[in-house]
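Reading through the structure tokens given below for one structure.
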Amino acid sequence: MRRAAPWVTLLLALAFPLAMQAEHQTYYLSFASRIFVYALAATSLNLILGYGGMISFGHAAFVGTGAYVSSILLSEGVASAWIGWPAATAASALAALAIGAVSLRTRGAYFIMITLAFAQMMFFLVNSMKAYGGDEGLSLRERASVGLGVDLGSDVAFYYTALAALAAGLYGLHRLAHSRLGRVIQAIRENEERAEAIGFPVYRHKLACFVIAGAVAGLAGALLASHGKYVNPNVLHWTHSGTLMVMVILGGVGQLWGGVIGAAGLLGLEDLIANHRMEWLAAMFPNYQQHASLGVGIVLLAIVLFAPQGIAGLLARGRRA
Amino acid sequence: MSWILIVEQALNGLQFGLMLFLLAAGLTLVFGIMDMINLAHGSLYMLGAFLAATLVQATGSFAAGVLLAIPATAILGMLLEVSVLRTLYSRDHLSQVLATFALILIFNEAVRIVWGPDMPLPMPAALSGPVQLLPGMYYPAYRLLIIGVGAAVAALLYLLVARTRIGMLVRAGASNREMALAMGVNIPWLFTLLFGVGAGLCAVAGALLGPLLAVQVGMGENILILAFVVIVIGGIGSIRGALVGSLLVGIVDTIGRAFLPILFGLFFQPRVASAAGPAIASVLVYLLMAVVLYIKPQGLFPARG
Amino acid sequence: MTRYLLALAWTAAGLLPLPAQAADKVKIGFISTLSGPSAALGIDIRDAFLLSVKLNGGKLGGLPAEVIVGDDQFKPDVGRQLAEKNIKLDKVDFLTGFVFSNIMLASVPVAFENKVIYVSPNAAPSPLAGKQCNPYFFAASWPNDAYHEAAGQYATTKGYQAVYMLAPNYQAGKDSLEGFKRFYKGRVAGEVYTQLGQLDYSAELAQVRAAKPEAVYIFLPGGMGVNFIKQFVAAGLSKDIQLITPGFSSDQDIIRAVGDPMLGIFDAAHWALDLDNAANKKFVAEFEKEYKRLPTVYASQGYDTALLIDSAVREVKGRIENTEGVRMALKSAKFQSVRGPFRFNRNQYPIQNYYLRVVGKDSQGRLVNRTMGTIFKDRGDAYVQECPMK
């Protein structure tokens, strides 16, 4: 049953658009695509946070770099995703290399602060790029194009593309976790001094992990920009990093599906509260729909205080018991 | 470039820096002694501002409102500490970060529900005008008040930390937590009290800045980052470091905002200069932090030996 | 197992039948800035819009009206998401409401792509008046530059030799100072762009003092203007320097927040409380009765937007699925505007009059803007020749 679950989920995900088409309801296809893209970003954060134990509060900077690089290319006429998306990924990898190289020399609270600070720096820099919209953001005329007779402008086509990217990302994380790099990183997370004593080059492994995560985040950013056809400096703001962290925690730190469950959970919850009015709740709190973050905050606090492994961890524990 | 302009900007930087200090002081002590990252510190600042706005309206007097807001916020802060934050002391930094981030969300919405998205906090009429400091040199009276109060609080804090028994306990805890605990300083109320003081300081800053900036939901987030930069530069756990750090950040930020556009304006078009100036000024602050950390990884005045 | 069920639930939710679309009502997506320091603007537009619908018996053009109100929180990405939801999920017939040009520009492409008409109750930036004019965009307010052009003309007429200018650094800000300079022929003592949403002007005021201008012209909507004017007067600058603003920067919301320091400010606008026509008299009276405050220009625009949509729906006799017909009906603008005469230019921006106003006291001793004279008659905008639309 446990082995089959991922495959069945995949099958359902593949079938979803067909159901939507029958209802002439493309809004939820678009919404699902957004979940996939955020799931990819959260999964990349899960790599450094969950598997690597590095509390980076600046992950939004890499998502944002990918988003902006691909958007700038698109606005300058480079329509092909085959150029734009790898460029975005490479740019984010570079940013991760630069920021990681400096930040990973620090530990603990300083690491958190430095990653936070660098992310804010990127935010202000991007904010000042008036040529590309500044704080008004940059609107794109079209999504990136993949050729092959496929138009990514169609919600269905984009849905499958995002799904493919997410599936690839998850598979990659699965292989990485079981690879040598992955095992070393998890050992470092467990006890850094011991890993160092054994002789592992800790800094290099952490940096490698950081760069890989940054690269994947960049791809997610590029997809995000194409999806909404709009990018705006807020995607780099530290509160956005916080949102990604919330997703990882909600879904399960260090669990393979943590990013996916977290993204689906958080975005689904927000949509549920904003767009589907629950009369019994409205009877008690007439304005509750405008205060969705309150619910999110309470749930998050509860999880941190009582269930530190997140939803996926809870599920795992349930199975074992 | 008149000297009046320079003096005025220097005063602005001083004013901003002193307010930052009020936030940074509480933050650095909590961080240094309880080893806890508290992202919700900005929310206490926001609460202080909202409480002040409400009390000013209720009492009809600016001074009364602000003065009453301080203990009110301090009490709320202590309640928060006793109920939620206490359980986080023993947890890892990630849990602390996430839990206090959750608190930010909760506080923002709670304030929105209770008060609405913003509250008016008008400047006291008596201080709405300018004061002539020197012939030809006018400066808003209210900002002078802020500088005065900020400096007074800084002096008071110094006295408290350097000259009293409680201050000695605080310094002991900041410089070596385990040893202080071993020596029997682990009195839970010290932590709670400290938190209350921090919250009270936030209230002063929030109430005083209210008439200048807007008292609105989310006002804590932006200033929180700067407060963190300040304590990282100054050294975690050190009040002196917080003061030096905040003055440094205040002046660099204000001078940057003021003079970089002029400098850029000599070379670029107005619209570019006005964007680049503030942007690079904000980045300057983070660059400053990065440089300080590179040279002195524990900050300028680390509390721990 | 639970993961599995989650996925099943998700798919199942997608398969639920949706309520049938009622073709016999008008759905309006109203997105505006309803929170934050500049919320007063969006709230005024919304209140006036809803008042107009209410006075019309809850209808627009004879059809029952459903107005879905959303708050963009002053954030372009939130505005865009709400626009997507309104258009793709709620399937609105008209989109309207945005206060700020930057948020609007990020959001309306969704409407244009889906052939949904956007009627602007405020933001009307120059790109959409000129090269990028769009058949699905109608400005029921005034071209972004208009007030600034009028103010610049006033400064020229008054003979000011040195004027210092400030605006926030975004499209409308840039438009505003370009507009002022288009008609102001004196010397520019300073041209400064501040941060959008900036509330502390200590640095800028110090520079104003150093520049010693005769007048200062500001474009700082909402909370930005409130803070600037307060700090300007607190710094003692109002003694020697005349403050000139575009109409909305000295309007009722600012007056409520600042008070007596506003007396004597000159401004330019397309509408004033004391304009003498039947529609306006009714509007001001009803607005004050319903909301216990005086309306601003924003409110007048929101009210006019509803009247405009009402007239168009009436003109097509309720057949709003015929988007082309609705467009033609909107273009003909057959309604009694509270501003007096109103007609559209070929770029679907208004051609109208602009008046000089001063902040003074009305017969009841309240601070209001009093009309002093007409600056422009039947003025369009400077960008229409770049627009290819007929």
Filtered residues of segment A:136-162 (kept if closer than 25 Å to A:Asn234 by Cα, within 14 Å of another protein chain (Cβ to nearest Cβ) and assigned to a helix (DSSP H, G or I)) = A:Glu136, A:Asp155, A:Phe158, A:Tyr159
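Among the listed residues C:Pro121, C:Pro127, C:Pro109, C:Pro143, identify the single one that is on the phi < 0 side of the Ramachandran plot, in contact (Cβ under 8 Å) with a residue 40 or more places away in the chain and surrounded by fewer than 24 Cβ atoms within 10 Å (Cβ to Cβ). Break it down stepwise before answering.
On the way: C:Pro121 fails: surrounded by fewer than 24 Cβ atoms within 10 Å (Cβ to Cβ); C:Pro109 fails: in contact (Cβ under 8 Å) with a residue 40 or more places away in the chain; C:Pro143 fails: surrounded by fewer than 24 Cβ atoms within 10 Å (Cβ to Cβ).
Unique residue meeting the criteria: C:Pro127.
Among the listed residues C:Leu166, C:Leu199, identify the single one that is touching a strand residue (DSSP E or B) at 6+ places or on another chain (Cβ under 7 Å) and touching a residue at least 24 places away in the same chain (Cβ under 8 Å). Show your work before the answer.
Details: C:Leu199 fails: touching a strand residue (DSSP E or B) at 6+ places or on another chain (Cβ under 7 Å).
Unique residue meeting the criteria: C:Leu166.
Within the bounds of segment B:105-123, is there any residue that is within 17 Å of B:Gly198 (Cβ to Cβ), within 14 Å of chain A (Cβ to nearest Cβ), within 21 Å of the chain's Cα centre (by Cα) and among the aliphatic types (A, V, I, L, M)? Full working, then the answer.
Filtering segment B:105-123 down to residues within 17 Å of B:Gly198 (Cβ to Cβ) leaves B:107.
Still in the list and also within 14 Å of chain A (Cβ to nearest Cβ): B:107.
Within this subset, residues satisfying the condition of being within 21 Å of the chain's Cα centre (by Cα) are B:107.
Going one step further and asking which of them are among the aliphatic types (A, V, I, L, M), we end up with none.
No, segment B:105-123 contains no residue that is within 17 Å of B:Gly198 (Cβ to Cβ), within 14 Å of chain A (Cβ to nearest Cβ), within 21 Å of the chain's Cα centre (by Cα) and among the aliphatic types (A, V, I, L, M).
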Answer with yes or no whether C:Ser107 is part of a loop (DSSP other than H, G, I, E, B), closer than 21 Å to C:Ala83 by Cβ and within 17 Å of the chain's Cα centre (by Cα).
-> no
C:Gly159 fails exactly one of the following numbered conditions: (1) at negative phi; (2) modelled with pLDDT of 90 or more. What is the number of that condition?
-> (1)
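Name the helices (runs of 4 or more DSSP H) wholly inside segment B:164-265 in which the number of residues that are out of contact with any Cys (no Cβ under 6 Å at 6 or more places or on another chain) and of a type in the set (A, V, I, L, M) is 3 or more.
On the way: elements: B:165-175, B:177-180, B:188-209, B:219-234, B:239-265.
Per the criteria, B:165-175, B:188-209, B:219-234, B:239-265.
Right, B:Leu22: of a type outside the set (Val, Ile, Thr) and more than 14 Å from every other protein chain (Cβ to nearest Cβ) or not? Can you show your working first?
Working: of a type outside the set (Val, Ile, Thr): yes; more than 14 Å from every other protein chain (Cβ to nearest Cβ): yes.
It is true that B:Leu22 is of a type outside the set (Val, Ile, Thr) and more than 14 Å from every other protein chain (Cβ to nearest Cβ).
Look through C:Phe74, C:Phe30 and report the one residue that is outside any helix (DSSP H, G or I), touching a helix residue (DSSP H, G or I) at 6+ places or on another chain (Cβ under 8 Å) and either within 14 Å of another protein chain (Cβ to nearest Cβ) or surrounded by fewer than 20 Cβ atoms within 10 Å (Cβ to Cβ) (or both). Can you show your working first?
On the way: C:Phe30 fails: either within 14 Å of another protein chain (Cβ to nearest Cβ) or surrounded by fewer than 20 Cβ atoms within 10 Å (Cβ to Cβ) (or both).
Only one candidate qualifies: C:Phe74.
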Scan segment C:176-223 for residues that are farther than 30 Å from B:Ile223 by Cα, within 13 Å of chain B (Cβ to nearest Cβ) and of a type in the set (A, V, I, L, M) and jot them down.
-> C:Leu177, C:Val188, C:Ala189, C:Ala211
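Take A:Ala88 and tell me if it is crowded, with 24+ Cβ neighbours inside 10 Å and modelled with pLDDT of 90 or more. Steps first, please.
Values: crowded, with 24+ Cβ neighbours inside 10 Å: yes; modelled with pLDDT of 90 or more: yes.
The answer is yes for A:Ala88.
Condition check ((1) touching a helix residue (DSSP H, G or I) at 6+ places or on another chain (Cβ under 6 Å); (2) buried (at least 19 other Cβ atoms within 10 Å of the Cβ)) across all residues:
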residue	(1), (2)
A:Asp135	yes, yes
A:Val146	yes, no
A:Ala157	no, no
A:Arg180	no, no
Of (1) more than 20 Å from C:Thr33 (Cα to Cα); (2) in contact with a Leu (Cβ under 8 Å, 6 or more places away or on another chain), C:Asp145 satisfies all except one. Which?
-> (2)
Looking at this structure, is C:Ser337 surrounded by fewer than 16 Cβ atoms within 10 Å (Cβ to Cβ), closer than 22 Å to C:Leu273 by Cα and polar (S, T, N, Q)?
-> no
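Given the options A:Ala42, A:Ala60, name the one that is under 30 Å from A:Arg183 (Cα atoms), surrounded by 24 or more Cβ atoms within 10 Å (Cβ to Cβ), within 14 Å of chain C (Cβ to nearest Cβ) and within 13 Å of the chain's Cα centre (by Cα). It would help to see each step written out before you state the result.
On the way: A:Ala42 fails: within 14 Å of chain C (Cβ to nearest Cβ).
Of the residues listed, the single one that is under 30 Å from A:Arg183 (Cα atoms), surrounded by 24 or more Cβ atoms within 10 Å (Cβ to Cβ), within 14 Å of chain C (Cβ to nearest Cβ) and within 13 Å of the chain's Cα centre (by Cα) is A:Ala60.
Which residue is surrounded by the most Cβ atoms within 10 Å (Cβ to Cβ), if the candidates are limited to segment C:147-174 and must be within 24 Å of the chain's Cα centre (by Cα) and in a strand (DSSP E or B)? Give the steps one after another, and end with the answer.
Taking segment C:147-174 as the starting set, the residues that turn out to be within 24 Å of the chain's Cα centre (by Cα) are C:147-155, C:165-174.
Right, trim to in a strand (DSSP E or B) and you get C:165-168.
Values: C:Met165: 25, C:Leu166: 25, C:Ala167: 28, C:Pro168: 24.
Once the filter is applied, the top-ranked residue is C:Ala167.
Keeping to segment C:376-390, report how many residues are within 22 Å of the chain's Cα centre (by Cα) and in a loop (DSSP other than H, G, I, E, B).
So the first thing to find is which residues in segment C:376-390 are within 22 Å of the chain's Cα centre (by Cα), and the list is C:376-384, C:387.
Checking which are in a loop (DSSP other than H, G, I, E, B) leaves us with C:380-383, C:387.
Qualifying residue count for the region: 5.
The values are calculated or read from the model by the stated rules, or taken from the named source; none is laboratory data. A quick note: this is a predicted structure, and the numbers were derived from the prediction, not measured. All Cβ positions, even for glycine, are placed from backbone atoms using ideal geometry, and neighbour counts span all protein chains on display.
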